[in-house]
Amino acid sequence: MEPLRSYVGGRWQLPTDEGSALYDASTGREVARLSTAGIDRAAALDHGRRVGGPALRELTFHQRAALLKSLASHLREHREELYELSARAGATRADSKFDVDGGIGVLFTYSSRARRELPNTTVYPEGPAEPLGKQGTFLGQHLASPLHGVAVQINAFNFPVWGPLEKLAPAFVAGVPTLIKPAEQTAYLTHRLVELVVDSGLLPEGSVQLLCGNAGDLLEHLTEQDLLSFTGSAATARRLRAHDTVVRNAVRFNAEADSLNCSVLGPDATPDSAEFDLFVRQLVTEMTVKAGQKCTAVRRAFVPHNRIDEVTEAVRARLAEVRVGNPSDSRVTMGPLADLEQREEVRRSLKGLLEAGRLVHGDPWQPVDLVDADYQQGAFVPPMLLRCDDPELAQPHEIEAFGPVSTVMPYRDVEHAAELARRGGGSLVGSVVSADREFTGRLVLEAASHHGRMLVLNDTDSAESTGHGSPLPQLVHGGPGRAGGGEEMAGIRGVLHYMQRTAVQADPDTLTALTGQWVPGSGREVTEVHPFRKHLEELRVGDTVVGGPRTVTDEDVRHFAEFTGDTFYAHTDEEAARANPFFEGVVAHGYLVVALAAGLFVSPEPGPVLANYGLENLRFLTPVYPGDEITVTLTAKRVTPRHNADHGEVRWDADVTNQHGESVAKYDVLTLVAKRDSAEQR
Ligand code: NDP
């Protein structure tokens with residue numbers, strides 16, 4: 001069998017030796033061979049920087065997002081193949097959905113969030129411009145631009161599809177090329193994934209490369225512009241973090257390591273309550289999905305001391321129903337571990353845990369009762385539940401058996417439960433299963449410092465809950481301390497991880513030119529053609545319409561109050577309004593001001609403006625009294641063409657002033673505007 005090829009330098013490269021064998025986790029048969037002999041890692045990084053980076057940086061955020069969406073659809077069409085290969089790595093159909101569909105889901109989510117939350121440009125202005133001088137001629141603006149290096153990802157064996165994709169998505173949106181190094185045991189699955197990516201022809205050359213085999217001297221070639229993201233053991237994370245080149249070049253490093261996640265059952269749960277059942281079911285799921293080889297799995301289950309017998313018994317009864325075997329068999333609900341070495345590792349860790357607790361279900365030294373007895377040579381273990389009656393002992397809070405292993409322990413009260421949760425030394429996720437809001441509130445607040453994510457599970461949210469073990473692209477995945485001290489995904493925050501934030505200090509016009517977004521104080525142009533009569537392509541940031549002045553009358557305020565029913569005293573009762581510390585008499589409604597302003601800037605006939613879809617950052621700054629004259633200045637602030645749509649978004653800066661030139665209201669108006677081409681096509 002030929003060894004797996006690496007995709008580097010723009011072509012598939014075969015190693016120069018025959019490599020070592022990788023085996024099917026159930027049958028023990030050879031599945032693939034692996035080696036990196038003869039693969040030039042420095043050249044791969046160089047190719048990413050020289051070819052992939054510039055090609056990606058040419059594209060806007062929205063163009064990159066559109067490519068991710070196409071890639072996600074392409075991969076979805078080839079899911080079956082990936083599921084089948086996953087079975088060789090020990091994954092049941094449900095497990096591989098977690099890995100394969102989960103990974104594809106991250107691509108879809110990042111694609112849609114990038115198009116909704118990022119401008120259609122190549123640079124991201126973060127936050128508003130900060131005024132730095134009194135005259136408004138000197139401002140500061142944070143800008144995020146893509147790093148000019150390669151995002152190197154070193155992945156764990158347990159999620160060979162989700163792992164690479166959850167790191168690729170934000171890097172790609174940011175405009176940074178990726179080099180994937182999968183873990184040895186399951187590299188053949190990541191290899192197939194990258195083959196599908198390359199064959200799709202969708203992504204720019206150099207934006208994704210694959211190094212199939214060990215890292216070798218890869219890290220020695222990292223520069224200050226490269227990034228290193230790692231998932232795996234805490235020991236390897238330590239080694240990589242302290243690598244000479246990583247330290248010398250201050251390479252941006254993110255780690256997600258093993259953690260001793262907990263689940264806490266609230267004191268309110270009785271054996272016949274919904275929460276008791278949810279706790280037990282979730283624990284069994286977390287123990288058995290991917291045969292417990294999940295960085296988010298529940299390793300420590302804390303229960304009220306008077307419930308430990310009932311919980312242990314209920315979990316034991318459910319575990320007895322788990323059917324272990326070759327995952328290609330549809331009757332199987334838990335597959336084997338990734339390989340025999342991993343089984344040895346689990347047995348070793350279990351010995352440590354047994355110094356503190358005792359096994360109440362499963363024995364990894366006995367032959368496993370398999371659905372199909374033909375596979376005794378596979379890396380099978382039963383699910384294993386331990387009970388430890390002294391939660392102060394160190395082992396359950398320190399030893400992670402990376403398999404279907406959990407320890408049930410008692411706690412006294414909420415402080416004790418929180419203290420035990422923190423004993424994990426930093427976790428990816430913790431669950432509180434309870435309907436007692438006082439208990440959950442205190443526990444979450446007291447344990448949050450040690451967790452990247454916390455799930456409160458009860459009868460109210462259980463039907464929609466995505467579960468303890470599922471990292472979501474919208475939310476932070478990572479945790480402090482033992483969990484690696486990193487953060488992944490978390491929506492657009494994850495994209496910014498791959499970018500450099502630069503504080504640019506300049507005059508307003510320079511900032512507008514740099515960001516493509518109108519900055520207050522920079523030039524406006526009151527154009528001859530009303531901006532509402534311009535299609536998206538014709539609009540320029542800074543295009544302005546000035547409407548007014550218009551006098552706000554007593555009658556306007558009275559009519560608005562009666563018409564809308566908003567008869568709040570400040571708009572209707574002169575004496576009461578005067579008694580208010582902020583007003584000198586009856587004031588116009590803020591909404592009346594906004595409505596009148598719309599009447600002043602609108603161009604009413606049908607045209608390219610399709611809809612007003614909202615206002616943002618609305619502030620009423622100065623009261624408007626009957627008799628005041630208001631004027632509105634509306635300036636195109638940001639024009640965002642939507643990729644693959646016949647319209648785009650235009651954000652307008654609205655400034656309503658009174659006869660003294662004071663701003664009475666400021667806000668952004670959000671509109672949808674048609675592209676010219678679409679009008680011609682219609
Ligand atoms: P490792 O930390 O040994 O390996 C993870 C990745 O790091 C692999 O791609 C591995 O490559 C690579 N790697 C290892 N050493 C180096 C190095 N010196 N330089 C560069 N890359 C390196 O974890 P394992 O996958 O072997 O799993 C061991 C334990 O880690 C498990 O038993 C479990 O406790 C924990 N783990 C935690 C995970 C999590 O998600 N937090 C996931 C998986 C495991 P290669 O395979 O080529 O050696």
Hey, how many Å between the Cα centroid of segment 174-191 and the Cα centroid of segment 393-471? 31 Å
If you roll a 1.4 Å probe over the heavy atoms of the protein chains, what accessible area per residue do you get for segment 142-188, in Å²? 14 Å²
Listed by chain and number, the residues whose amide H is under 5 Å from that of Leu4, excluding neighbours fewer than 5 places away on the same chain and using placed H, are Arg33, Leu34, Ser35
Please work out the Cα center distance from segment 292-330 to segment 207-234, rounded to the nearest Å. 36 Å
Between Ala21 and Val526, the two model label points (7 Å from Cα along the beta-carbon direction) sit apart by a distance in nm of 8.4 nm
Normalise the Cα radius of gyration of segment 330-458 by 2.2 N^0.38 Å (N = residues in it) and let me know the number. 1.22
Diffusion constant of segment 566-624 at 25 °C, which comes from Stokes-Einstein with the Kirkwood Cα-pair radius and 0.890 mPa s, µm²/s: 179 µm²/s
Give me the percent relative contact order of segment 129-205, please, defined on Cα pairs under 8 angstrom at least 6 residues apart. 28 percent
Sequence-distant lysines (8 or more away, or on other chains) whose Cα lies within less than 24 Å of Lys351: Lys290, Lys294
If you plug each phi of segment 486-492 into the Karplus form 6.51 cos²θ - 1.76 cosθ + 1.60 with θ = phi - 60°, what whole-Hz ³J(HN,Hα) values come out, in order, with x for Gly and Pro? x, 9, 10, 6, 6, x, 5
In order through segment 383-391: 3J(HN,Hα) via Karplus (6.51 cos²θ - 1.76 cosθ + 1.60), integer Hz, x for Gly, Pro: x, 10, 10, 10, 10, 10, 7, 10, x
Which values, in whole Å and largest first, are the semi-axes of the equivalent ellipsoid of the chain obtained as the square root of 5 times each eigenvalue of the Cα gyration tensor? 54, 34, 21
Would segment 250-376 count as rounded, prolate or oblate if I go by the C-alpha gyration tensor, calling it rounded below 1.5 in a/c and otherwise prolate when a/b exceeds b/c, oblate otherwise? oblate
Pull up all non-local amide H partners of Asp372: gap of 5 or more, or a different chain, and H-to-H distance under 5 Å with H placed in the peptide plane. Asn326
Rounded to the angstrom and largest first, Cα extents along the principal axes for segment 196-271 equal 58, 38, 22
Kindly write out, for segment 620-628 in residue order, the coupling ³J(HN,Hα) from the Karplus curve 6.51 cos²θ - 1.76 cosθ + 1.60 (θ = phi - 60°), rounded to whole Hz, with x marking Gly and Pro. 9, 9, 9, x, 10, 9, x, x, 5
So how far, in whole Å, is the C-alpha centre of segment 644-671 from the one of segment 237-266? 45 Å
Relative to the present Cα-Cα distance, how much length would full extension add between Asp573 and Glu464 at 0.36 nm per residue of separation? 34.4 nm
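Counting only protein heavy atoms and a 1.4 Å probe, tell me what percentage of segment 472-551's accessible area is made up of carbon and sulfur.
On the way: 1860 of 3650 Å².
C and S atoms contribute 51 percent here.
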Computed label-point distance, nm, for sites His142 and Met1 using a 7 Å Cα→Cβ extension: 4.9 nm
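Hey, what did segment 243-350 get for relative contact order, percent, Cα under 8 Å, at least 6 apart?
On the way: 100 pairs, mean separation 25.5, N = 108.
This gives 24 percent for segment 243-350.
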Rounded to whole Å and sorted largest first, list the principal axis extents of the Cα atoms in segment 171-312. 58, 38, 29
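Between Thr564 and Thr270, 0.36 nm times their residue separation minus their Cα-Cα distance comes to what? Display every interim value, and only then the final one.
On the way: separation 294, 0.36 × 294 = 105.84 nm, distance 5.17 nm.
Fully extending the segment from Thr564 to Thr270 adds 100.7 nm.
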Need one word for segment 38-86: rounded, prolate or oblate. Basis is the Cα gyration tensor (sqrt eigenvalues a ≥ b ≥ c); a/c below 1.5 gives rounded, then a/b vs b/c decides. oblate
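Please give me the summed charge of the neighbours of Val504: other residues whose Cβ is under 14 Å from its Cβ, Lys and Arg +1, Asp and Glu -1. Intermediate values should be presented prior to the final figure.
Working: positive: Arg501; negative: Glu126, Glu130, Asp507, Asp509.
Result for the neighbourhood of Val504: -3.
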Under a crude label model (7 Å from the Cα following the beta-carbon direction), how far is Asp389 from Val602 in nanometres? 7.7 nm
Charge tally for neighbours of Pro410 with beta carbon under 12 Å away, counting Lys, Arg as +1 and Asp, Glu as -1, is -2
What is segment 423-484 by shape, rounded, prolate or oblate, if you read a ≥ b ≥ c off the alpha carbon gyration tensor as root eigenvalues and call it rounded for a/c under 1.5, prolate for a/b larger than b/c, and oblate otherwise? oblate
Step through the table entries Lys534/Lys637; Lys534/Lys675; Lys69/Lys637, compare each Cα-Cα distance with 18 Å, and write down the pairs that go over it. Lys69/Lys637
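State, as an integer percentage, the relative contact order of the chain based on alpha-carbon contacts under 8 Å between residues 6 or more apart. Walk me through the numbers before you get to the answer.
Values: 1556 pairs, mean separation 84.8, N = 682.
Answer for the chain is 12 percent.
Per residue of the chain, what 222 nm ellipticity follows from adding -39500 (n - 2.57) for every DSSP H run with n ≥ 4, rounded to the nearest 500? Display every interim value, and only then the final one.
Working: 23 runs with 217 residues, N = 682.
Rounded to the nearest 500, the figure is -9000 deg cm²/dmol.
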Solvent-accessible area, 1.4 Å probe, carbon plus sulfur percent, for segment 275-406: 44 percent
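Could you tally the net charge around Leu370, taking each other residue with its Cβ under 10 Å from the Cβ of Leu370, Lys/Arg +1 and Asp/Glu -1? The partial results should precede the final answer.
On the way: positive: Arg323; negative: Asp329, Asp369, Asp372, Asp374.
Taking every other residue near Leu370 into account, the sum is -3.
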Difference of contour (0.36 nm per residue) and Cα-Cα distance, Ala513 to Gln366: 45.8 nm
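The values are calculated or read from the model by the stated rules, or taken from the named source; none is laboratory data. Because the structure is predicted, anything quoted here is derived from the model rather than measured. For neighbour counting, all protein chains shown are included, and Cβ atoms are generated from backbone atoms with ideal geometry for every residue, glycine included. Accessible surface areas use protein heavy atoms only, side chains included; no ligands, DNA or RNA. Shrake-Rupley method; radii C 1.70, N 1.55, O 1.52, S 1.80 Å.
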